[in-house]
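Values in this text are rule-based calculations from the coordinates and carry no lab data. Everything numeric in this text was worked out from a predicted model, so none of it was measured. Heads up, the Cβs are rebuilt from the backbone with ideal geometry, glycines too, and the neighbour counts pull from every protein chain shown.
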Amino acid sequence: MMRMPALSSGLGLFSFRSKPKASGHIELKGERATYGQQSRSRILITILCFGVFYSVIGARLVQYGMESEETVSSIGPADKLMASRPDLIDRNGEVLATDIRTVSLYAEPNKIVDPDEAVERLVTVLPDLDVRTTYRKLSSSSRFQWLRRQLTPKQQSQILALGIPGIGFRPEKRRFYPGGSTAAYVVGHVNIDNKGIAGMEKYIEGQGLGDLAAAGLTVNESMEPVRLSIDLRVQSVVRDELAAAMQRYSAIAAGGVVLDIHTGEVIAMTSLPDYDPNNPVEALDKNRLNRMSAGTYEMGSTFKTFTIAMGLDSGLFNINDRIDARYPLVIGGRTIRDFHATRRILTIPEVFTHSSNIGSAKMADAVGIEGHREFLTRIGLLSRMQTELPEIAMPSQPHEWKKIHSMTASFGHGVATTPLQTAVAGAALMNGGKLIEPTFLPRTREEAEKTAIQVISKKTSDEMRILMRDNVVQGSGRRAEVDGFRVGGKTGTAEKVVNGRYSNSVRFNAFLATFPVDDPQYIVLVIIDEPKPEEGKYSATAGLNAAPMVNGIIRRSAAFLGVEPKFGNDASIARLSY
Amino acid sequence: MLSRVERGPVADWFWTIDRLFLAAFLALIGIGFMLSFAASPPVAERLGLDSFHFVKRHAFFLAPALVTMFAVSFLAPRQVRRLAIVILAVSIVAMVMALFFGVEVKGSRRWISVAGLSIQPSEFMKPAFVIICAWLFSERSRHPEIPGNLFAIILFCIVAALLVAQPDLGQTMLTTAIWGGMFFMAGMSWFWIMLLGGLAIAGFISAYFVFSHVAERINGFLMKGGDTFQVDTAREAIIRGDWFGQGPGEGTIKRILPDSHTDFVFSVAAEEFGILFCMVLTLLFAFIVIRGLNKAGKLQDEFSRLAVAGLSLLIGFQSFINIGVNLELLPAKGMTLPMISYGGSSMIAVALTAGFLLALTRQSPETRARRTTSRRSLIPMRPEQA
């Protein structure tokens, strides 16, 4: 129907159809009708095209709707930059974290006269500036580019002196931790946008601060400081003792916590190696984790404290009862032996001080598998601890509890808990039997009373104090004793699992201590991972390394903690005959 | 209420106007004003003006825009054509003047200053150009001896040359697309469509090589490199808005989005009112365009059919390109969103477009029934045909 036009036909060049015949009224109408028909089908095609166009738009909108928000652009809205955070202070008002004002360097590339020169001069002040990226940023036609966040005042004045047109400074807040790494794991740190991403910084982010910041309401606001339960002085002592012990015993890691047994307040807690929150890059290192709350370990003989408390509290055992530890126990093809084998019948205090595996296994056996599990759950050793700190690990236990599992768990093998929750459970044994959730915020005794759960009887608690004291006076914890402060405690020397077997050369040691034992106020728990024998010593048991660490911590911090020394005889603790 | 028996001009208008069209246009104008509250204060603040400077200006232009739309919608097709001729002639002259006396903004001369008002004549040229092309295309069947197509091509070349000279590549491509679409819908043979399509592609390729900023933008779009600050920010704004938006006045990305009140108003709408709202907005445009084309298909009169189709294409292409740029579907190009974006010339010119559309789609028994065309033809027919 369409014919190629005769290109030679002059005016007809653009009438693309054969010319109408001369008398064309009727025919003309007919031809117009065909035009109309064709035109209409072409319009239909156009409608379809636009249908496709708008559908593409719709599909793209759906795609965008499905995507979650990301911070893609190099700059955040101006409000975010000035976001303030409350200061964090310790229980005595010492600053743990604060905001300082800094400036950040930006460029307005459309105002830059000579990008080459600008880059060259900037590099004289900021030698580590990436020349290629910066050149690309400066020669783009955008209106805003960050060049460097958070400059020092000296860098700012040097850049100002360069007099480069088209660059400027924007004030920003930067978090500063005066104590550096002292309380790193408790305080945590923030990201470049001043948002808390670890420790208590993250906790307060979740307490509404994040919402405030998102609403832009934290700009230039001065906020009430947040007081933590930490005592910076004790914290420094703990960290110092840990660092010294790490070196002395060539250990790969160490950790310690000081806990108020009546309020559940964590007075000091840290683990080494740690990091400097002012330069949180190191925090990414896998080895730098808060071992006290985010690591789980088989606590070893320290667990016998709980086994014996369970036995006494169950009413099946009396503190004057005797247990036969003459022969190793054979169960399920495995033999349970004593480390310091006595090969005699032991009293219960002797089971504790001699750290008898046979004795504690027999006690657990008497209570039964279900009773044992129920007790460990009751004192919070089998479930995830509830506290403000976000980095809390889940303890692990055997998938299936059989007799052998219950028996090994009685001396701390097969159940891995976080050291902090071991300390919390230990506090419950010492404070009259009340389990109190640990906290990193100040808490009074009355507040703690309200949430406390009675897990063992007062009587059992009193008996446990006597055992703890005994172990320091004449058992494995002798090196923990500090004159006048009446320390009680239990050592734990656990063999670490290497390639799926318990190794007898690689150890994880712990010491769970309380003081003053006649009226316990604080729990001190230290752990030391893979300690080596000290020079001149042949062994690396907890009594030789963990106990002296506790000694150092208590000796140096008791005065800060307001515990008065008492000298003279130990009369306040009734000695029992056995 | 106006009585159907009354035959005054207002009653006539009331009973013949396409009310759905009218409602859609009024809705768009309303949404545009509402969005100016969201999109323009950050720009005004950046320029050191009163926060509501552009909101006030937008409100100021609403009245003339509405008056233009309603007044033009009263016109009969013949009057529409005459008005279009006048506007086309004036705007072509003004575009030539702008080249010589205009103010240079961002490297192009598009604006002339008349009595203190900055006017962009190319905006007014577009609807008038569509009407005149529709007339030229339709005349070829009525007056085969008049080379309507040739004139249409010449007219297109003049307009395109003026736009390239400014330079305004976005408008050039838009005009080309509309002209091509009308050429296609006028029922031209595939040979010519292929030929002119080839020419258009050749023109596009030469633009790529001649104008460095065109090449830069296209490269940037294809290779995801270059300066993508605007589109990246727009994308971030839309994603931040999510389905339901952050709420009026709650946008923050809009503060750093350049041209948030003109080319990127769609992204601001998404950030504050949500993606669902943007879908409604898109549907409104789709409704106008598809209804316009559909109505065009039903019109008997060839001139009206092509004109209505062309005007729908104008709104369609312009909205598609603008939204496409916002959604990173097309390379960045300065193009306003009809009725929504801020800009006095653009607003009144779009009102003119809407007025033309409403005028030509009015139900008129005369236009539907009339077969003879002598009364509407400016050029008397040959006696043997009449």
Inter-label distance, nm, simple model (7 Å from Cα along the C-beta direction), residue A:534/residue A:324: 4.1 nm
Folded to 0 to 90 degrees: helix B:169-185 orientation relative to chain B principal axis, Cα: 30 degrees
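Can you give the FRET efficiency for residue B:195 and residue A:139, using 1/(1 + (r/R0)^6), R0 = 60 Å, r = Cβ-Cβ distance, to the nearest 0.05?
0.90
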Dipole magnitude of segment A:234-573, debye to nearest 20 (Cβ charges: Lys/Arg +1, Asp/Glu -1, about Cα centre): 1000 debye
Once the Cα gyration tensor of chain A is diagonalised, semi-axes √(5λ) in Å: 72, 33, 21
Shielding of A:134-144 by partner chains, average beta-carbon count, 10 Å: 3
Dipole magnitude of the protein assembly as shown, debye to nearest 20 (Cβ charges: Lys/Arg +1, Asp/Glu -1, about Cα centre): 3680 debye
Convex hull volume per residue for segment A:426-578, taking Cα atoms only, in Å³: 161 Å³
Low-density loop cleavage sites - trypsin sites (Lys or Arg not before Pro) in segment B:51-129, where at most 15 other Cβ are within 10 Å (DSSP): B:106
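Stokes-Einstein at 20 °C, 1.002 mPa s, Kirkwood radius from Cα pairs: D for segment B:51-202 in µm² s⁻¹?
125 µm²/s
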Violating pairs (Cα-Cα greater than 29 angstrom) within the set A:434/A:490; A:434/A:532; A:111/B:254; A:458/A:496; A:304/A:458; A:286/A:434: A:434/A:532; A:458/A:496; A:286/A:434
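Tell me the relative contact order for chain B as a rounded percent, counting alpha carbon contacts under 8 Å between residues six or more apart.
Result for chain B is 26 percent.
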Choice from B:197, B:316, B:170 with maximal GNM fluctuation in chain B (Cα, 10 Å cutoff): B:197
From phi via Karplus (6.51, -1.76, 1.60), per-residue ³J(HN,Hα) for segment B:309-316 in Hz, x at Gly/Pro: 4, x, 5, 4, 4, 4, 5, x
Using alpha-carbon coordinates, inclination of helix A:304-314 to the longest axis of chain A, degrees: 70 degrees
Principal axis box of the protein assembly as shown, alpha-carbon based, largest edge first, Å: 140, 64, 57
222 nm mean residue ellipticity, helices alone, for chain B (DSSP H n ≥ 4; -39,500 (n - 2.57); rounded to 500): -23000 deg cm²/dmol
Charged-residue dipole, Cβ positions (Lys, Arg, Asp, Glu), chain B about Cα centre, Debye nearest 20: 1300 debye
Gaussian network model of chain B, springs between alpha carbon atoms under 10 Å - residue of B:276, B:28, B:66 with greatest fluctuation: B:276
Kirkwood Rh, angstrom, segment B:9-363 [1 / mean 1/r, Cα pairs]: 20.9 Å
Kirkwood Rh in Å, taken over all unlike Cα pairs in segment A:234-573: 19.7 Å
Ascending count of other beta-carbon atoms within 10 Å, so fewest first, for A:286, B:126, A:154, A:304: A:286, A:154, B:126, A:304
With 10 Å bins from 0: P(r) over segment B:20-128, alpha-carbon pairs, percent: 13, 30, 38, 18, 1
Inter-chain Cβ neighbour average for residues B:347-357, partner chain, 10 Å: 0
R0 of 56 Å, Cβ-Cβ distance residue A:132-residue A:437: FRET efficiency to nearest 0.05: 0.55
Choice from B:210, B:289, B:268 with maximal GNM fluctuation in chain B (Cα, 10 Å cutoff): B:210
Fewest-first sequence of B:271, A:265 by Cβ atoms within 10 Å of each Cβ: A:265, B:271
Amide proton proximity set for residue A:506, modelled H, under 5 Å, gap of 5+: A:496
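Would you tell me the mean number of C-beta atoms belonging to other protein chains that fall within 10 Å of each C-beta in A:162-173, as a whole number? Mind showing how you got there, number by number?
Working: counts 0, 0, 0, 0, 0, 0, 0, 0, 0, 0, 0, 0.
Mean inter-chain Cβ contacts per residue within 10 Å come to 0.
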Förster radius 30 Å - calculated FRET efficiency between residue B:146 and residue B:287, Cβ distance, rounded to 0.05: 0.25
Mean-position separation - Cα centroids, segment A:458-529 and segment A:415-429, in angstrom: 12 Å
Pair residue B:79, residue A:335: separation of 7 Å Cα→Cβ label points (nm): 11.6 nm
Local net charge near residue A:398, Cβ-Cβ under 13 Å (Lys/Arg +1, Asp/Glu -1): +1
Set of lysines with alpha-carbon distance to residue A:173 below 16 Å, sequence-local pairs under 8 removed: A:80, A:195
Nearest-ten-degree value, helix B:212-223 long axis tilted from longest Cα axis of chain B: 70 degrees
Listed residues A:308, A:542, A:49: farthest to the positive end of the dipole of chain A (Cβ charges): A:49
Chain A, helix-only ellipticity at 222 nm - DSSP H runs n ≥ 4, -39,500 (n - 2.57), divided by all residues, nearest 500: -11000 deg cm²/dmol
Distance between modelled label sites at residue A:192 and residue A:402, nm, 7 Å Cα→Cβ extension: 5.5 nm
Counted charge near residue A:294, where neighbours are those whose Cβ lies closer than 15 Å (Asp, Glu -1; Lys, Arg +1): 0
